[in-house]
Amino acid sequence: MSSKISLTRYLVEQQRVDGHIPAQLRLLLEVVARACKSISRSVNKGALGGVLGSAESENVQGEMQKMLDIIANEVLIEANEWGGHLAAMASEEMEGIYVVPNRYPQGEYLLLFDPLDGSSNIDVNVSIGTIFSVLKKPEGAGVSEQDFLQAGCKQVAAGYCVYGPQTTLVLTVGDGVAMFTLDREQGSFILTQENVKVPEDTKEFAINMSNMRHWDAPIKRYVDECLAGVEGPRGKDFNMRWIASMVADVHRILTRGGIFMYPWDKREPDKPGKLRLMYEANPMGWLIEQAGGAATNARTRILDIQPEKLHQRVSVVLGSKNEVERVTRYHNEA
Ligand code: AHG
Ligand code: MN
Ligand code: MN
Ligand code: MN
C-alpha cells in the first residue's frame, strides 16, 4: 500500500533530496496552500456563506469586483504577511504592491497572485481558482514595484489551486509538475500525480468563439482549419471547450492536452489581450512548459517577455507544443 505523500512531505523531499528549494520557499508554499484551503472552504459555502455576488467596487483592471475576489485577496494577504518569508505581494485586485508591515520580518521572496480566477463563474457554480507566482527579491534594502518586473523565466515557484469537484493544487518548483488533491477529512493536500505531461498533439482547442469577428487573420486561419475537421487541411475533427476560468481550462490541458488561446482582438486594439502577464500568463506558462508544452504570446515565448508594468496584459497561446508552434508559424507567415 503506497503511503500517501502530503504536500509537506513532497516539499521537504524537494528541499532535502533534490536540494531544489530552500526552507524559506518551502514554508512560503505551505502558507499559500493553507490560504487556498481557506478560500476553498469559502467557495464551497456559496450562498450559505454570503460570498456570492458583486462587491459593487471596481479593480485596477476596470472590472467590477466580486465579493469572493476581495475575500480571497484578503485571505492571501493575511496568511502571508507575518511569516517572514516574503518582502511584498502583488495581486490582480490591488493597484500597487503590498509591502510586509515593519512589525513583521521581511523575507527574500515576492509573491504575486490572481486571488480568484474565473470570477464570472463564481455565481453559477462553475470551477474557479487561485493562481500564484513566486520571484526572488533582488538584493538590496527595501522593496519596490520595480523589483517585481522580472521575466517569467525568473520564477522560483508557480501554481494554482482549482476549486472544482475536487480542490486540486498544481505546482512546479522547476522540477516538473505535481498535482495534490485536498483530502477534506485530513485537511491536507495529497500527491495524486507527478511528472505531469502535456501531449504534444491534440484535437481540442479552447477559445472564446464569440470574439471571432475581432481576431487577427492568423488566429482566424488556425480556428477555421480546426472547424473544417477531417475534410479540411488538418485532416482530423477537433473538439472545442471554453470554461472561462483559465485555471479550469489549463487544468484540462495539463490533464489531457489541448490548446488555449486568448489572443489580441480589435475590441481593445491598444492592448495585446485580456490576460495579465505577471499573475496569469507567467505562472500558467511555466507550468505548461514544465509539463512539456509551449506558451507564447502567439509569436514569442511568454517567459522571455520583460515586464514593464505590474498589470500589463499579454496575448496567450499555450498547451500542446505542436499546435502552439503551428499558431506561431501562421503569425510568421502573415
Ligand atoms: P479573472 O476572473 O481573474 O479576472 O480572470 C478571468 C479570465 C480567465 O480566467 C479566463 O480565461 C478569461 O478571463 C475568460 O474571459 P472571457 O470571459 O472574455 O471569455
Ligand atoms: Mn484571472
Ligand atoms: Mn481574478
Ligand atoms: Mn478579474
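Here are the numbers for the structure shown:
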read-out: Over the chain: helical MRE at 222 nm, DSSP H runs n ≥ 4 each giving -39500 (n - 2.57), nearest 500; value: -9000 deg cm²/dmol
read-out: Charge tally in the Cβ shell below 14 Å around ALA248, where Lys, Arg are +1 and Asp, Glu are -1, ALA248 excluded; value: -2
read-out: Principal-axis tilt of helix 321-333 within the chain, Cα atoms, nearest 10 degrees; value: 60 degrees
read-out: Using a Förster distance of 35 Å, the FRET efficiency for SER144-ARG299 (Cβ separation, nearest 0.05); value: 0.70
read-out: Charge-dipole axis of the chain as Lys and Arg at +1 and Asp and Glu at -1 on Cβ define it, positive-most pick from SER120, MET261, VAL75; value: MET261
read-out: Within the chain: Cβ-based charge dipole about Cα centre, in debye rounded to nearest 20 (Lys, Arg +1; Asp, Glu -1); value: 560 debye
read-out: Ordering of 30-37, 131-138 by burial proxy (mean other Cβ atoms within 10 Å per residue, highest first); value: 131-138, 30-37
read-out: At R0 = 30 Å, FRET efficiency that the Cβ-Cβ distance of ASN102 and ARG267 yields, to 0.05; value: 0.10
read-out: Total formal charge among the other residues, if their Cβ is under 10 angstrom from that of VAL327, Lys/Arg +1 and Asp/Glu -1; value: +2
read-out: In order through segment 137-145: 3J(HN,Hα) via Karplus (6.51 cos²θ - 1.76 cosθ + 1.60), integer Hz, x for Gly, Pro; value: 6, x, 4, x, 6, x, 8, 9, 4
read-out: Those residues of segment 194-211 whose amide nitrogen sits under 17 Å from the label point placed on LEU227, 7 Å along Cα→Cβ; value: 204-211
read-out: Cα gyration tensor, segment 7-193 - rounded (a/c under 1.5), prolate or oblate; value: oblate
read-out: Residue-span extension gain [VAL124 to ASN44] - 0.36 nm each, minus C-alpha spacing; value: 27.6 nm
read-out: Scattering profile of the chain at q = 0.07, 0.11, 0.13 Å⁻¹ [log10 I(q)/I(0), Debye over alpha-carbon scatterers]; value: -0.27, -0.69, -0.97
read-out: Three-way shape label, segment 1-90, alpha-carbon gyration tensor, a/c 1.5; value: oblate
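Each value in this text was obtained by applying a stated rule to the coordinates, not by laboratory testing. The structure presented is a predicted model; accordingly, all values stated were derived computationally and were not measured. Reconstructed Cβ throughout: ideal geometry from the backbone, glycine too, with neighbour counts over all protein chains shown.
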